[in-house]
1. Looking at (1) surrounded by fewer than 21 Cβ atoms within 10 Å (Cβ to Cβ); (2) within 20 Å of Trp338 (Cβ to Cβ); (3) not assigned by TED's automatic domain parsing to the domain that holds Ala335, find the lone condition where Leu393 falls short.
2. Could you please tell me which pairs satisfy a Cβ distance under 8 Å, a separation of 6+ or placement on different chains, a first residue in region 121-147 that is on the phi < 0 side of the Ramachandran plot, and a second residue that is in a loop (DSSP other than H, G, I, E, B) and of a type in the set (D, E, K, R)?
3. Could you figure out which of (1) within 22 Å of Asn340 (Cα to Cα); (2) touching a Ser or Thr at 6+ places or on another chain (Cβ under 8 Å) isn't true of Thr300?
4. Among (1) in a loop (DSSP other than H, G, I, E, B); (2) aromatic (Phe, Trp, Tyr); (3) surrounded by fewer than 16 Cβ atoms within 10 Å (Cβ to Cβ), there is one condition Tyr471 misses while meeting the rest; what is its number?
5. Output the number of the condition that Val428 fails; it satisfies all remaining conditions of (1) β-branched (Val, Ile, Thr); (2) outside any helix (DSSP H, G or I); (3) buried (at least 20 other Cβ atoms within 10 Å of the Cβ).
6. Somewhere in region 77-89, is a residue in the same structural domain as Gly50 (by TED's automatic domain parsing), part of a loop (DSSP other than H, G, I, E, B), under 23 Å from Trp52 (Cα atoms) and of a type outside the set (Gly, Ala, Ser)?
7. I'd like to know if region 354-367 contains one or more residues that are over 23 Å from Leu280 (Cα atoms) and not charged (D, E, K, R).
8. Can you spot a residue in region 435-455 that is surrounded by 17 or more Cβ atoms within 10 Å (Cβ to Cβ), in contact with a Ser or Thr (Cβ under 6 Å, 6 or more places away or on another chain) and not assigned by TED's automatic domain parsing to the domain that holds Val313?
Amino acid sequence: MIQQSLHTLDELKLFIANKVTHFSIPIDEREVVCEYVLRVMPCKRIVMKGQWQSKPAVAKLFFSHFAKRHVDREAAGARALRQAGIFVPKVLYEGPTQIEGVWVVIFEWIDAIIDLDAVWQGHDEAALKKILQPLQLIFAKQHQAGIYHVDLHPNNFVIAANGVYIVDVADAKRAWVFRKALSRRKSIANLVLLYAQLPIRHHAIIADLFKQYCELRQWPFDQRLQNKMQIYLFRARRQRMQNMIKRCFRNCKGIVAHHDFHARWAYREADNSESLQAFLKNPDAYLMQGSIVKGGHTCTVAKIKLKEQSVIVKRYNIKNVWHGLTKGLFISRAARSWQNANVLDLLGIPTAKPIAYYEKRWLGFFRREAYFLCAYQSGELLLSYFRSSSESLGKVLVAKRWIEILKCFAEARIAHRDLKATNFILSVGQQPIVIDLDAMRFYAKKNAFLAAYNGDLNRWMQNWKFGTFEYELFVHLINDLMKERGFDRGC
């Protein structure tokens with residue numbers, strides 16, 4: 001394929017905006033060739049996979065006012081980590097390009113032998129622990145050398161044939177100039193940034209991982225240190241949740257948002273299509289053409305098609321003028337469903353994939369009808385399954401999977417606040433999936449959370465007749481859950 005050589009910053013921005021990825025950037029008498037773009041930060045940075053002197057490479061292009069400073073940070077981070085005995089890709093070139101205002105750092109390409117993200121998001125805890133052990137060794141080396149990483153996520157690491165590489169080196173910082181090792185407080189606060197990235201269903205393995213880290217640092221592993229780690233972990237996880245709540249309403253990586261005098265909306269960039277754009281222009285037309293699942297004064301639910309994908313639309317209605325005035329200034333139930341679904345997805349708790357939300361506005365301030373779109377989830381309602389199935393072993397398996405979701409809720413201090421069996425769908429793989437998220441809340445204070453959590457459990461037990469198999473099964477599982485968590489069971 002013919003590569004077009006770019007010579008101005010405007011040309012580069014135009015190519016990226018049009019998603020044209022085959023181009024080259026001249027550097028002295030050489031050039032770096034782009035094969036595909038890995039990441040774009042508008043007006044700041046482009047990360048691309050390509051060729052440098054006929055060898056596979058990764059190039060980070062910087063073009064903000066602080067481009068040279070960013071290049072220096074990349075190079076300094078790589079040197080610091082290499083001095084600490086940590087594998088980092090070799091820097092092949094650092095400096096300006098022949099495009100004015102554009103600087104570049106070129107790293108060697110590292111071939112991965114394991115798809116880290118697939119293992120990270122998967123359900124095999126043994127495979128996950130096997131991968132996390134060498135990552136912990138890297139952290140122990142970093143912290144012992146007085147280095148910490150301020151932006152941790154699985155994409156920062158590549159597992160190659162000869163070891164684990166850190167590929168995002170710019171965020172490696174030295175804590176103190178004259179101090180060799182990080183303090184315990186600083187080490188734990190940095191380590192839990194990695195633990196907080198794990199799907200919350202894997203929370204049980206974190207204690208073993210932390211014990212291994214303590215052994216690497218030659219620290220005594222005691223209850224006081226564990227408690228400190230758990231406090232830092234809760235804060236780090238809650239910060240991620242709060243960041244997601246902010247991100248899902250503004251333009252950022254993966255999210256497209258829009259606010260004007262007449263409407264507000266946001267959608268996941270990966271789900272963008274002509275049909276979605278048509279829906280945003282006239283949502284009621286799509287709703288009426290779809291199959292109505294539920295009708296009502298406060299909420300209308302329909303199944304529609306967007307780009308050959310089945311989608312559920314929930315329209316939250318305004319019943320009358322007084323209802324519009326009293327509710328219009330508050331966050332809509334559609335916006336709450338959108339933010340809550342994104343947070344559950346972030347935590348790895350099974351829910352229908354969020355696609356978009358849309359709010360009509362009156363005079364720019366008053367909210368009118370609001371719409372929430374999520375992927376259609378095939379399966380049957382959990383209540384229908386328990387009422388129709390006669391297989392006791394199958395019911396026990398499904399109930400245990402449901403209780404795992406409740407454990408995740410407890411770990412993140414989430415209360416559903418409408419815990420009916422009709423608000424769970426049982427997928428084809430017998431996995432309960434949480435739906436109807438507009439009442440869900442997150443709690444910082446433990447006492448407030450426990451009150452809401454007990455309310456959830458009491459509401460759940462109202463689904464089952466006293467003395468039935470289902471009633472006794474859930475009483476047993478919930479009592480075990482409360483003992484395990486050390487919670488008091490409310491009436």
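1. (2)
2. Gln144/Lys180; Ala145/Lys180
3. Against the list (1) within 22 Å of Asn340 (Cα to Cα); (2) touching a Ser or Thr at 6+ places or on another chain (Cβ under 8 Å), Thr300 comes up short only on (2).
4. (1)
5. Here Val428 clears every test but (3).
6. Quick first cut of region 77-89, residues in the same structural domain as Gly50 (by TED's automatic domain parsing) only: 77-89.
Next, from what is left, pick out any that are part of a loop (DSSP other than H, G, I, E, B): 84-86, 88-89.
Narrowing the set further to residues that are under 23 Å from Trp52 (Cα atoms) leaves 88-89.
This time we only want the ones that are of a type outside the set (Gly, Ala, Ser), so: 88-89.
Yes: one or more hits.
7. Restricting attention to region 354-367, the residues satisfying the condition of being over 23 Å from Leu280 (Cα atoms) are none.
Scanning region 354-367 turns up no residue that is over 23 Å from Leu280 (Cα atoms) and not charged (D, E, K, R).
8. yes
The values are calculated or read from the model by the stated rules, or taken from the named source; none is laboratory data. Not measured: the values here are computed from a predicted model. All Cβ positions, glycine included, derive from the backbone under ideal geometry; neighbour counts span all protein chains shown.
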